[in-house]
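Report on the structure given below.
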Amino acid sequence: MRRTSGQEDAVGKSPFVEQGNLFPDKALFTFHQENKSPERLSGHEFNQKVFALGGVLQQALAPHESVLLLLPQGLDFIYSLIACWFANVVAVPFALTDLSAPERMAEKVLALVSDCQAACILTDKAVSDALGSMPAFQSVPWMDVKAASAGAVAGTRARPQAPGDTALLLYTSGSTSRPKAVMLSHANLIAQARMAAAQWRIDDQSRIVSWAPLYHSFGLIVGLLAPLIKGAAGTLMPPGDFIKNPETWLRRLDQYAATHTGAPNFALDLCCAAIDPAQVGGLSVGALEAIICGGEPIRKQTWETFVRTFGHIGFRETQFCPNFGLSETGSVAFKQAGRPPRFLFLDAAGLADRRVIVSPKAKNSRCVTSCGEIGQGIRALAVHPDTCVPCGPSRIGEIWVKSPGVASGYLNCAAESAQIFSGILAGTKENGFFRTGDLGFIQDSHLYIIGREKEMIVIAGKNYHPVDIEWTIREMSSDSNLPVAVISRRIDGQERVIVVQEVDETLDAAAFGKIARRIRGCVSERHGLALDEVILVPEKSIPKSGGGKIQRRWCRQAYEDKRLKILHACRQNDPAARSEAGRPPAGIAAVLKDRAFLPECPAAGQLDTDTRFAELGLSSLQYMRIAGRIEALFDIRFSPVMFFKYRRFGQLARYIAGLTAKQDDGRAGRPPGEFMGFPDAGRRAAVPNDVAIIGIACNFPGGARDAETFWENIIAGKDAVASIAQSRPGILQDARRYGAAVGRGFPEWGGFIDGADTFDADFFGISPLEAESMDPQQRKLLELVWEVMERSGYPARGMAGEKIGVFVGAHNTDYAELVHRHPGLVEVYGAFLDSGLHMSLLPHRVSRMFDFRGPSELINSACSSSLVAVHHAAASVRNGQSRLAIACGINLMFTSRVYLMALKAGMLARDGRCKTFDAAADGFARAEGYGAVVIKPLHRAVRDNDTIYGIIKGSAINHDGQSNSLRAPNLVGQKSLIQDAWRAAGISPETIGYIETHGTGTGLGDPVEIQALLEAYRETAPDPPAAFCGLGSVKTHMGHAESAAGMAGLIQVLMALKHRTLPGMLHFKEPNPWIRLSPGPFFISARKREWRRLSRPDGSEMPRRAGVSSFGFGGANAHVIVEEYTACEAVKSAPAEEDVSAVIVLSAMNKAGLRAYADRLRSYVSKFGRSVRLRDLAYTLQVGREAMAARAAFRVNDLSELNAQLGRLAQNGGSPAPLGAAGPENRAVQAARSWLQGRPVDWAALYASPKPRRIDLPAY
C-alpha cells in the first residue's frame, strides 16, 4: 500500500499540509451546528493542530500504516485528516453518524479495522466512551485527537512522502460482510482537488457552505479539499442538521454569503417538500455562484421545482452545476456556473437499443441531463462494454475514464481492480482506463449518463433502466418526495420488476391501496410494463449512501432477506391491482351527448370517452349554448369554462356525475391551505427578492402623454376610444386596397395616440434619411427611454457603459408592411431599411444609442409581451445581470391587416367598446400606445433616495398548454400562473386588494379568467373573506393595446397605489351571466373608490397589494404582484424648513427648447407644487438631467419664486434673476457659475447624507 506503481517517486510535501501558512489570520473553516455557537479554525490554528497531531502520529506509527478516523463531522475531522498526511500515514474515514446503537456501530468499525489493518483509531472522548471499552477493541490503540493536537509543535516537520504513496482509503460500501475501499494517493487527491477548484471557480475569495459528509468523496472534495487548496473559507454543517431541518442549509447560505455549495437531487427535493417558502422569504442567496450537483444527474423536474419554489430568495437556474464523478475518479465532467443546465429529449425506443435519437417532448421520450463538459486533462470515452470498442456520439456505451485523479484500485481486491482499473481499448490497445460501470454517451464534449450497466432490467428482450421508471413514478403518481427504488429479481426463470416506495406510515389502508394502484398505472402507461409487485414501506427503509443516493442492490438484498417492513403489497395477480379508471355513468353520458351536444353540434355524434372538445371545433357561442342545456338538463350550476378544465368528454361526464350525486369533483388537487400557509409578508422589512419601480413614462390614447394625465383620464371616466376616420384615416385607405367594405362592416373605432409619426432625429444624432427608414416604434422607444430615465432621476447618457438592461415587448410590424408594398423604397433608403425594420433593433437601437451594457431583449408573446418584459427585467435585476433595467411595451397601428383578421375571428366589439365582465361583452377595440418603467433593487432604491412607485414582490410567466383551439384560453394554465406568482412573491392571496385583469371583454374569455382566479383562491385560501378584492381592466377606458396592454395595466395599478384609489371601469352595466362571484373574494370595481388597506387578524394594516395579468392569444401568460411602498423615516431627507435657498439649473439643445422646457416645468410646479420640496426639485435637475448647450441657472428661496423665475424664462427668453454672490459658504452658486461656462460639475458632492430625493419631473 506504500506507492502506486507508475507514478513519479519524487519526494515532497502535500500542499494541504502547510496551507495555513498562506492564510494565518483567516478562518479557513467554520463548523456551525444547529443551536450551538459556530466554531472556527484559523490558518494559524489549523497549522498548530496539524503539526502537533502529525508529530504524535509520526512518533507512534511507521510511514504508510493505516489510521481509522472515527470522528463526527467537524473541525476535529479536518485537522486529523491532514495530520495523517503530515505524518504520511493512510487516513481511513469512517461514516460515524449515530452512537445510539454502539453494538451495531462496533460491528461495522471492526470490519474496517480488519480489512485495512488499522494501526490506530483517531477519535474523541464521546466515541471512545461509547466503543473503546468493548473487548473487541482492546487490541487497537485509541488516540484522543483533542489531547494529541494540544501538544507542542516546535521543531516538528512533515514526514517526506512520494506522490504515489497511498493517502486515503475511501470505503464505498457500508456492508459489514464485504467492505470495499478505494485507494487514493497523494497525487490523486491533489489532482482531484485542483481540478474541482478550477471547474467550480473556487479561489481565496470564495465562501463554501456544505453539509455533505466528509467521509464520502463528494463532501470531502466540495467541503474540504477544494476550498483548502485555494485558501477559500469553508463552512461545514452536520449532515443530520440538514436532514432534520433543510431550512438550516438555506439560512447558512444567507448567513455566510456563500458563493458555492453542493446538493444532490434528494436534497433539493427535500427542501421543496419540507420548507415553507414564506418562512425563508427574508433570506438572500444572491451571492451564490454555483450549486454543485453530485451523486447522480440532476433531474429536470427537481431543478425547475426548486427554482420555482425558492427563486424569490435568489436561487437561479444558472447556479446549478451538474457534475459527474466517482470516489474512484473525482470529478470527470462538470458544468460551469452562468448557464442553465443542458437537457436532451431522447427517443425511449432508441435508448432501449442503446442508440441516441433526439426526440421532441412526448410520451415516448426521456429527458436526460448533461453532466457537463469533460474536464481538461481528462480522457473519457463511451465504450461498448463487451467489445471494448469506442462508441460514436449516437451510441450508448460504458463510460471509461483516464486522468491523474483516478485511483490505483481497491484494497485487497486485486482481481477486481485489474478488471475495472485497467480497461484496454480494442484496436489501439490503449490501456489504463477506469471502467465506471455507468452507461452514457458524449456529444459536443458533454457527458450524458443514462444508467448503470449492472442495474439494467431486461424484460422480453427489452431494456429498462430503473432510474427511468423511478422518474416516472415521481412525476406522475407520487404524492410526496419520499424515496422510491425499482429493483428486479428472477422468478420462475423470468425477470420481474418490483417497486419499493416509502410512504407515511400513518396513512390508512385505503390510501395505501390508492398509491399502489397509481404507481402501477403510471408505469404501465409510460413504459408498457407490468409490475410484478408494488411494496409500500415506512420512511427511511430504502438503503441510501451518505450522499443520499439510492442503493438498489442493498434494497433488493433487504427485500430478498425479508428485512423490509411491508405496510402494503399490491401484486400483479391481486384483484385489487386492476385499473379503477372507470367509464362515466352510461345514463349521464347518453343524456349529455344526445340532449346537450348533438342539438348544437352534429359532429358530437362521434363523441366517446376520450374525445377532446377541441376536435369538435366549437365556437364560443356553441360552448355557451351547450352550457345552458347542461344546466337545464341536470339542474346544476355549470359555466362554459368547465369545458376548458375537463377537456375530454369522459372527464366532463364524470364531473357532472359527481355534481349530481352532491359529491366533490374528485380532482386530485392540493389539500386546502397546503400551497400557501404563508404568513403575511407585508410588513415593511424588504426582502432580497423585492425590486422597486422608480420611473414611469407613457403615451396612451386620450392625450395621456404622462402617467398623471393617464390617471386623470381614468378617474374622470374619459373614453379614449375614437373614430378611425378622424384619428388614423390611413388605415381606412389601406383597407380599401384589400377590398374591405369600409363603412359597411369594417371596424370604425380604435384607441390612438397623437404624434405617432413625429421624431426629433437631430436630437438623437440620426440623419433624416435613416430616421424615415426606421419603424416609428424604434423612434418612439428612443424618446420613451430618454424620458423614463429622466423621470427616474437618472440621465440616460449618464448611465453609458453601465449594466442597464432593456426589455421591449412588441409584436406589431405595420410599418414594415407599408414599406414592402413599395419596392422602390429600397433604392431610396438602401441598407437603412434592414436596420430600420428589423424587430430585434427595437431594444438594440436603444442599447446602442445610450451605450447600455446590460441585456437587450425583444419579447414577442403577442398581447402579454410587455408584462413578460417586466418579468424578465425584474429577474435581470435580481440575478445581477442588470444594475437597473428598463421594461417597455409598445404598439403602433398603421395598416388594416390585423383589423381585418381580428374582425373575421370575431374578436372586435361592434360598438368599438371593451365591455369587460358585462353581459353585453362582445369583444374589444384595438388600441395603440407605449409605456415604460425603470426597475432596480429595492434596497438600492431606498439607499439612493429614489422615488418608489411600487415594489414588484414577484411574478410568473407560463404557457397554458393545450386548449380547445389555438386562441382559446386554458383555465388550468391561468390558475397555475396566478399561484406561481403568489409563490414567487411569498404572499397569501388574502393580502391582495385588487387585480388588474386581462379583461378583454369577450363573452368566453372573461368567464374563463374569473373562474381561474376563483379556483386559484379556493385551492390556496379555501375560506377567504367575502368581496375584499376588486377586479378591473383599463381596457374599458382605452381599448386593448395588445403588446403594450400589460404595461398600461401595470401603470394604472402603480398610479392607483400612489393615489390610494381603486379605479372604476366604463361600460359595465349588467354582469356577464357566466361570471358568478358570490360567494367569493371578488367584486367588480365598476366605480372609483377609496382603496383601503386590508387588516391582519390583530387589526394592524397590511400594505396595499395588487396583481396584474396579461395573456397572449397564443397562450403565453404573465402575472405580476405589486405592493405599495411607504418610506421609512430613517431614509427621509432633511426637513423642508432647512431649505433656505436652492440653485435651479436648466438646459436644452437651443434657446427655444429652453423656453419650452421652462414653461413645462412651470406648469408642473403650478399643478403639483404642494407635494414637492424645493430641495428635491433642485437636486433632481442637477443630477438627473443631461447638460446641453443652452443653459440657465438661478437661485430661489421658495416655490412661488421659482414659478416667477420660470415664467420670465419661458416668456420670450427673458433672463431669470442673477445667481447672486458666490461666497465660500455657497458652493452651489460657485458650481452653477462653473456649469454655465460649460464645465462638468459633480452636483451630488455638494450634498451631505442623507441626500435629497430624486423625484419625477417633466422630461426634456
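For region 761-775, residues that are assigned to a helix (DSSP H, G or I) and either touching a helix residue (DSSP H, G or I) at 6+ places or on another chain (Cβ under 6 Å) or of a type in the set (D, E) (or both) total 3. Residues in region 639-670 that are of a type in the set (A, V, I, L, M, F, W, C) and modelled with pLDDT under 75: V641, F644, A661, A668.
Within region 938-985, the set of residues being part of a strand (DSSP E or B) and surrounded by fewer than 21 Cβ atoms within 10 Å (Cβ to Cβ) comprises N958, H959. The criterion of at least 2 residues that are touching a helix residue (DSSP H, G or I) at 6+ places or on another chain (Cβ under 7 Å), at pLDDT 90 or above and not small (G, A, S) is met, among helices (runs of 4 or more DSSP H) falling completely within region 62-167, by 75-86.
In this structure, does L57 turn out to be touching a helix residue (DSSP H, G or I) at 6+ places or on another chain (Cβ under 9 Å) and either in contact (Cβ under 8 Å) with a residue 40 or more places away in the chain or not basic (K, R) (or both)? The answer is yes for L57.
So for region 936-949 (the condition being under 30 Å from I724 (Cβ atoms) and small (G, A, S)), does at least one residue qualify? Taking every residue of region 936-949 in turn, none turns out to be under 30 Å from I724 (Cβ atoms) and small (G, A, S).
When you scan region 888-907, do you find a residue that is among the aromatic types (F, W, Y), farther than 16 Å from S1110 by Cβ and buried (at least 24 other Cβ atoms within 10 Å of the Cβ), even just one? No. Residues that are part of a strand (DSSP E or B) and either without any contact (Cβ under 8 Å) to a residue 60 or more places away in the chain or in contact with a Cys (Cβ under 8 Å, 6 or more places away or on another chain) (or both) within region 1113-1126 are absent altogether. None of M849, M839, M901 is within 26 Å of L818 (Cβ to Cβ), without any contact (Cβ under 8 Å) to a residue 24 or more places away in the chain and of a type outside the set (G, A, S) except M901. Number of residues in region 273-303 that are outside any helix (DSSP H, G or I) and in contact with a helix residue (DSSP H, G or I) (Cβ under 7 Å, 6 or more places away or on another chain) equals 15. Residues in region 910-928: is at least one of a type in the set (S, T, N, Q), crowded, with 23+ Cβ neighbours inside 10 Å and in contact with a strand residue (DSSP E or B) (Cβ under 7 Å, 6 or more places away or on another chain)? Scanning region 910-928 turns up no residue that is of a type in the set (S, T, N, Q), crowded, with 23+ Cβ neighbours inside 10 Å and in contact with a strand residue (DSSP E or B) (Cβ under 7 Å, 6 or more places away or on another chain). Residue under question is E802, and the condition is that it be assigned to a loop (DSSP other than H, G, I, E, B), among the acidic types (D, E) and touching a Lys or Arg at 6+ places or on another chain (Cβ under 9 Å); does it hold? Considered against the rule, which asks whether it is assigned to a loop (DSSP other than H, G, I, E, B), among the acidic types (D, E) and touching a Lys or Arg at 6+ places or on another chain (Cβ under 9 Å), E802 comes out as yes. Screening N412 with (1) touching a helix residue (DSSP H, G or I) at 6+ places or on another chain (Cβ under 7 Å); (2) within 30 Å of Q301 (Cβ to Cβ); (3) surrounded by fewer than 21 Cβ atoms within 10 Å (Cβ to Cβ) gives one miss only, at (2).
Yes/no matrix, rows are residues, columns are (1) under 30 Å from I291 (Cβ atoms); (2) buried (at least 20 other Cβ atoms within 10 Å of the Cβ):
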| residue | (1), (2) |
| --- | --- |
| V358 | yes, no |
| V389 | no, no |
| I424 | no, no |
| T428 | no, no |
| I442 | yes, yes |
| L447 | yes, yes |
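Taken together, the criteria exclude G325 from residues that are in contact with a His (Cβ under 8 Å, 6 or more places away or on another chain) and either among the charged types (D, E, K, R) or more than 27 Å from D980 (Cα to Cα) (or both).
Of the strands (runs of 3 or more DSSP E) lying entirely inside region 1011-1112, those containing at least 2 residues that are surrounded by fewer than 23 Cβ atoms within 10 Å (Cβ to Cβ) are 1082-1084.
Conditions tested, residue by residue: (1) under 26 Å from A905 (Cα atoms); (2) in the same structural domain as I978 (by TED's automatic domain parsing); (3) at pLDDT below 80.
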| residue | (1), (2), (3) |
| --- | --- |
| R595 | no, no, no |
| E615 | yes, no, yes |
| Q622 | yes, no, yes |
| R637 | no, no, yes |
| A681 | no, no, yes |
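When E708 is tested against (1) in a helix (DSSP H, G or I); (2) over 38 Å from the mean Cα position of the chain (by Cα), exactly one condition is not met: (2). Here region 23-45 is the region considered, the condition is being under 20 Å from R251 (Cα atoms) and among the acidic types (D, E), and the residue that is modelled with the lowest pLDDT is E34. Screening the candidates A1187, A1134, A1178, A1193 for the property of being within 27 Å of A1248 (Cα to Cα) and at pLDDT below 90 yields one hit, A1134.
When region 512-542 is filtered for residues that are modelled with pLDDT under 80 and in a loop (DSSP other than H, G, I, E, B), the ones remaining, listed by number, are G528, L529, A530, L531. Of all residues in region 304-321, those satisfying the criterion of being in contact (Cβ under 8 Å) with a residue 40 or more places away in the chain and either under 17 Å from A333 (Cβ atoms) or in contact with a Pro (Cβ under 8 Å, 6 or more places away or on another chain) (or both) are T309, F310, H312, I313, G314, T318, C321.
The values are calculated or read from the model by the stated rules, or taken from the named source; none is laboratory data. All values reported here derive from a predicted model rather than from experimental measurement. Because the Cβ atoms are built from the backbone with ideal geometry, glycine has one as well, and the counts that use them run over all protein chains shown.
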